[in-house]
Amino acid sequence: MWRRTILLPMLLINLIGATQSWCPPGATWTFAYNDGLGGVIGHARVDHTSDTVLAGRFAQRLDVHVNAYSYPTQTYWNENPVGIWFTAGNDTVVQLWNPVELAFDTLYWFTALPGEHWSVPWTYGGVPDLLVLDTLHTTIDGLTLRQVVVGLDVPSPEPLDTLTERLGFREIFIDGISPLFLVDQPIGGLRCYSDSLIAWTDPSWSFGCASIQGMDDAPVLRDPLVFPDPGTDRFDLSLPPGAHHLQVIDGAGRIVIELQVEDGRPVDASAWPSGIYLLRLPELRRTARWIKE
């Protein structure tokens with residue numbers, strides 16, 4: 001579903017910014033993988049493996065692979081592939097194939113303007129749309145790319161993520177599902193992206209894109225590891241040294257509390273209602289999902 005309010009004529013929309021093609025040859029995304037409940041960390045890699053025609057449209061096949069390390073079993077493991085997606089897009093809109101409805105659904109809208117909004121694929125009621133809060137540009141390896149800052153379409157929305165041409169979202173997974181929308185979602189933020197023309201790495205990630213645990217697989221975590229998850233009145237975050245600003249967001253997109261947190265210091269959640277929460281660390285550009293029972 002694609003719900004929007006047109007703010008400018010389509011002619012003007014088509015003239016905004018430099019346009020860059022979606023999913024060029026060699027496109028590869030690498031995301032952090034962090035299963036706090038199972039004690040598994042690593043990375044998820046999404047590869048553009050081939051082109052095809054689906055429902056009469058030119059489409060791209062994306063294969064998802066997971067490579068990880070399990071702390072409980074002290075073993076490395078991989079799943080190849082854990083998922084296969086098909087996208088179809090242009091310089092304006094990218095759509096994702098829904099195998100249940102046998103139709104494409106809007107995934108990214110690169111020319112959306114502040115105040116416009118669209119629904120996330122795979123969600124059916126009860127989940128707010130993504131609302132455009134601002135538009136920007138960035139340059140990667142000489143290419144100017146459009147950016148769209150989004151929040152949830154709720155009263156007093158806060159920035160949730162930034163959509164960038166070619167890269168997609170920084171925190172929300174590539175298929176539009178984030179920890180806010182799915183209970184068992186261990187995949188975290190974007191670590192690296194590359195294609196035939198550009199290469200990008202998260203500035204806060206100082207190890208290889210394919211690193212399992214970080215520091216050549218030394219036990220250092222990139223994403224905050226929340227435990228226990230699910231939990232009750234308290235939880236811990238595995239964080240870099242020092243104090244960090246934490247935002248706690250409920251399932252309706254409301255900020256429940258903001259506080260300073262440190263590694264090894266439990267967070268008191270006794271006053272929070274049971275439910276699913278998104279934990280955001282803005283200066284680290286990291287998110288994690290936590291369930292309070």
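Based on the convex hull around the alpha carbon atoms, the range 50-176 presents an average projected area of 10.6 nm².
Taking only the Cα atoms of the range 224-293, the ratio Rg/Rh comes out at 0.91, with Rh defined as the Kirkwood radius.
Bear in mind these aren't lab numbers, they're just calculated from the coordinates by the rules spelled out. No experiment lies behind these values; they were computed from the predicted model shown.
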